[in-house]
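Following: one structure in structure tokens, then a few remarks.
Bear in mind that the values in this text are calculations on the coordinates, not laboratory data. As the structure is a prediction and not an experimental result, all values here were calculated from the model. Neighbour counts run over all protein chains shown; Cβ positions are idealised from the backbone, glycine included.
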Amino acid sequence: KNEVEQSPQNLTAQEGEFITINCSYSVGISALHWLQQHPGGGIVSLFMLSSGKKKHGRLIATINIQEKHSSLHITASHPRDSAVYICAVPHMDSNYQLIWGAGTKLIIKP
Amino acid sequence: DTAVSQTPKYLVTQMGNDKSIKCEQNLGHDTMYWYKQDSKKFLKIMFSYNNKELIINETVPNRFSPKSPDKAHLNLHINSLELGDSAVYFCASSPLAVRETQYFGPGTRLLVL
């Protein structure tokens, strides 16, 4: 069974700070997902990555396959970045099932 | 144009009732999912369909029955609703399997009284 752990569970920061959210998993994977759930409840896929780094605007996701670890960074954070950030990895035995992390609740104060 | 849509967005009903939630995707994806998000905010897979065929059927009471009339639609019917069914139900789709990006619907907030 593939376990997914995220840290921190909660993070409060001031506007403009550099944010890092971490995700560790226990077995080999082919891809890792980062998603964002807005306070209103909607879920948006941010990244899917299998190696290296991806960047989209102020968001950067990195993955180290050997260390089984991924990070999500937010540069120049803004109150609208306040959300829950979730990482997920494919289940070992299924092409159709993701194992979800518990999420990191991020609050950016103005 | 909404990629993955769900109806209704809110559903308040009495215990024992039967209700349905509909999901449609216009992305041409082959795979669709139903997730349940409980009060602790964990997302749990309930069902997955690939091209109208049931792929995943997690430990879900048989009061929950998914139906996929075509690959663009995956509906969820719930019989004899219970208080513990109160949650947010998300539909999602992906081109093929979970190694591809999933697109989520807006969620249906179900409250059973």
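Residue-wise test of (1) surrounded by fewer than 18 Cβ atoms within 10 Å (Cβ to Cβ); (2) of a type in the set (A, V, I, L, M, F, W, C); (3) farther than 23 Å from residue A:87 by Cβ; (4) in contact (Cβ under 8 Å) with a residue 12 or more places away in the chain.
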{"residue": "B:32", "(1), (2), (3), (4)": "no, yes, no, yes"}
{"residue": "B:52", "(1), (2), (3), (4)": "yes, no, yes, yes"}
{"residue": "B:73", "(1), (2), (3), (4)": "yes, no, yes, yes"}
{"residue": "B:78", "(1), (2), (3), (4)": "no, yes, yes, yes"}
{"residue": "B:83", "(1), (2), (3), (4)": "yes, yes, yes, yes"}
{"residue": "B:89", "(1), (2), (3), (4)": "no, no, no, yes"}
{"residue": "B:104", "(1), (2), (3), (4)": "no, yes, no, yes"}
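Does the range A:86-99 contain at least one residue that is more than 12 Å from every other protein chain (Cβ to nearest Cβ), touching a residue at least 12 places away in the same chain (Cβ under 8 Å), buried (at least 16 other Cβ atoms within 10 Å of the Cβ) and closer than 26 Å to residue A:3 by Cβ?
No; the residues of the range A:86-99 include none that is more than 12 Å from every other protein chain (Cβ to nearest Cβ), touching a residue at least 12 places away in the same chain (Cβ under 8 Å), buried (at least 16 other Cβ atoms within 10 Å of the Cβ) and closer than 26 Å to residue A:3 by Cβ.
Out of the residues in the range A:44-85 that are touching a Lys or Arg at 6+ places or on another chain (Cβ under 9 Å) and among the β-branched types (Val, Ile, Thr), state the one that is surrounded by the fewest Cβ atoms within 10 Å (Cβ to Cβ).
A:75
Which residues, taken from the range B:55-113, are of a type in the set (S, T, N, Q), more than 10 Å from every other protein chain (Cβ to nearest Cβ) and in a loop (DSSP other than H, G, I, E, B)?
Matches in the range B:55-113: B:59, B:62, B:79, B:80, B:86.
Mind checking which strands (runs of 3 or more DSSP E) fall wholly inside the range A:10-110 and carry at least 3 residues that are hydroxyl-bearing (Ser, Thr, Tyr)?
Working: elements: A:10-14, A:19-25, A:32-37, A:43-49, A:52-56, A:59-64, A:69-74, A:83-90, A:98-100, A:104-109.
Once the strands (runs of 3 or more DSSP E) in the range A:10-110 are filtered for at least 3 residues that are hydroxyl-bearing (Ser, Thr, Tyr), what remains is A:19-25.
Tally time: how many residues in the range A:31-43 are loosely packed, with under 13 Cβ neighbours inside 10 Å and within 8 Å of chain B (Cβ to nearest Cβ)? First the steps, then the outcome.
Step one: list which residues in the range A:31-43 are loosely packed, with under 13 Cβ neighbours inside 10 Å, which gives A:38-40.
Add one more test, that the residue is within 8 Å of chain B (Cβ to nearest Cβ), and what stays is none.
Looking only at that region, the number is 0.
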